[in-house]
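Dumping the structure here so I can ask a few things about it.
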């Protein structure tokens, strides 16, 4: 009997707690999708007042009060998302993200660091203007890679020249420094 009483008491407390809660629907600020949240009305009011304070611009040095301007006083301020009118240049992309997903030419996969260095030196003698990189992420194997390219098409010309010396060379997707990529 005592256990039934405990269960009923806990259910009563939970139902009282749930009765004060309400379902609030807010719109996501970025994509505008509706979000449904069940919360207490007081918490919703508090969050709304905090959002209103954040959305109002401060008076700052302009001397203009936000309540004087009807455009600034509206509570339904839509977030501004800046979308460029044109495609970004390569320099602008590189400035925002210096490392991007590009391509490298994989020369060989070898079993030791010594073999990887030998392959790298052999490659440098044949192609002195191209950068060689050894990737040890596949330990105990090592990848020997060359060049940095933005696309598979930009790697194609060098790949055909490299295949004369390394028949198994392929272009693989890899993170490259944007400023070094062709």
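Which residues in segment 85-108 have a backbone N closer than 12 Å to a point placed 7 Å from the Cα of residue 136 along the Cα-to-Cβ line?
none
Given the Cα-Cα distance of residue 25 and residue 111 and 0.36 nm per residue of separation, how much length would full extension add, in nm? Provide the component values of the computation, followed by the final result.
Details: separation 86, 0.36 × 86 = 30.96 nm, distance 5.82 nm.
Gain on stretching residue 25 to residue 111: 25.1 nm.
How far apart, in nm, are two points set 7 Å out from the Cα along the Cα-to-Cβ line at residue 100 and at residue 182?
1.7 nm
Taking the Cα-to-Cβ direction at residue 41 and at residue 124 and moving 7 Å from each Cα, how far apart do the two end points lie in nm?
That separation, rounded to one decimal, is 7.5 nm.
Also: So, in nm, how far is label residue 170 from label residue 7 when the simple model puts each one 7 Å beyond its Cα toward the Cβ?
Computed distance between label sites residue 170 and residue 7 equals 6.2 nm.
No value in this document is a laboratory result; all are computed from the given coordinates. Fair warning: this is a prediction, and the values are worked out from it, not measured in the lab. Cβ sites come from the backbone with ideal geometry, for glycine too, and all protein chains shown count toward neighbours.
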